[in-house]
Amino acid sequence: MSTTKIKDIMTGHPTMIGPQDKVDEAARRMKTVDCGCLPVGTDSDVVGIVTDRDITLRVIAEGRDPKTTLVQDVMTKGAYTIDQDSDVEDAAAEMKARQVARLVVTNRKKVTGIVTLAEILRDAASGSHGPKVLRELAKARPGHHAAH
C-alpha cells in the first residue's frame, strides 16, 4: 500500500512576498489568491511566513498602519519546510512537533508549494492511511498530556 506524497495534496506555486513589502500588499495578495499565508522571501530563500493571523494580531490589534508596516516586522521568522516527496505522515509529524498548521514545501530547496493541516486532514479522511495520520497528529508531545 502506498502512502500519499505531499506533492499530491499541496497547494502548488504559492504567491511569495518580500520582507521589505508593506503589510497592506501582503493582505491584497492573500485576498487575490484566496489564501491565509504567504512565504516571505524568494523561491530559493524563504526567510519567514506571514499569515492573516500575523496581520490581525501584530498590525491591526496593535493599531499599526498596514500601509507603512513592513512584512519583516510582523512575519513569523523562519519557515518550517518539508520536501514535496515526503509522505503525508511525515508532514503530520512535523506539524505536530513544531506546533504549526502549515509547512512550506520544497524540491531541492526551491519552494514548490504550501501544505496545510486542513489538506492533510482532508486527505486522511479520504484515504486508507487516514488512521495512521490521525494517530500521528494525536500523539502527545513529551511532557504534555492529552486533555481528558
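Kindly state which helices (runs of 4 or more DSSP H) lie completely within the stretch 43-148 and contain at least 3 residues that are at pLDDT 95 or above. Let's see the steps before the verdict.
Values: elements: 52-55, 88-98, 117-126, 130-138.
Correct list: 52-55.
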Answer yes if at least one residue in the stretch 13-24 is in a helix (DSSP H, G or I) and touching a residue at least 40 places away in the same chain (Cβ under 8 Å), and no otherwise. yes
All positions within the stretch 25-39 that are assigned to a strand (DSSP E or B) and either under 21 Å from L121 (Cβ atoms) or touching a residue at least 60 places away in the same chain (Cβ under 8 Å) (or both): C37, P39
Among the listed residues T42, T81, identify the single one that is within 13 Å of the chain's Cα centre (by Cα) and either more than 30 Å from A125 (Cα to Cα) or of a type in the set (S, T, N, Q) (or both). T81
Restricting to the stretch 96-105, and then to whatever is without any contact (Cβ under 8 Å) to a residue 60 or more places away in the chain and farther than 16 Å from R53 by Cα, can you tell me which residue is surrounded by the most Cβ atoms within 10 Å (Cβ to Cβ)? K96
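Give me the residue from the stretch 1-12 that is among the β-branched types (V, I, T) and assigned to a loop (DSSP other than H, G, I, E, B) and, out of that set, farthest from the chain's Cα centre (by Cα). Can you show your working first?
Our first condition is that a residue be among the β-branched types (V, I, T); within the stretch 1-12, this holds for 3-4, 6, 9, 11.
From the residues that got through so far, the ones that are assigned to a loop (DSSP other than H, G, I, E, B) too are 3-4.
Numbers: T3: 21, T4: 18 Å.
Only one residue tops the list, namely T3.
Only one residue in D34, D21, D45 is at positive phi and acidic (D, E). Which one?
Details: D21 fails: at positive phi; D45 fails: at positive phi.
Of D34, D21, D45, the one residue that is at positive phi and acidic (D, E) is D34.
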Subset of the stretch 29-80 (residues that are basic (K, R), more than 24 Å from A118 (Cβ to Cβ) and surrounded by 12 or more Cβ atoms within 10 Å (Cβ to Cβ)): R64
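The values are calculated or read from the model by the stated rules, or taken from the named source; none is laboratory data. Every value quoted in this text rests on a predicted model; they were computed, and no experiment measured them. When we count neighbours, we look across all protein chains shown, and the Cβ atoms used for this are built from the backbone with ideal geometry, even at glycine.
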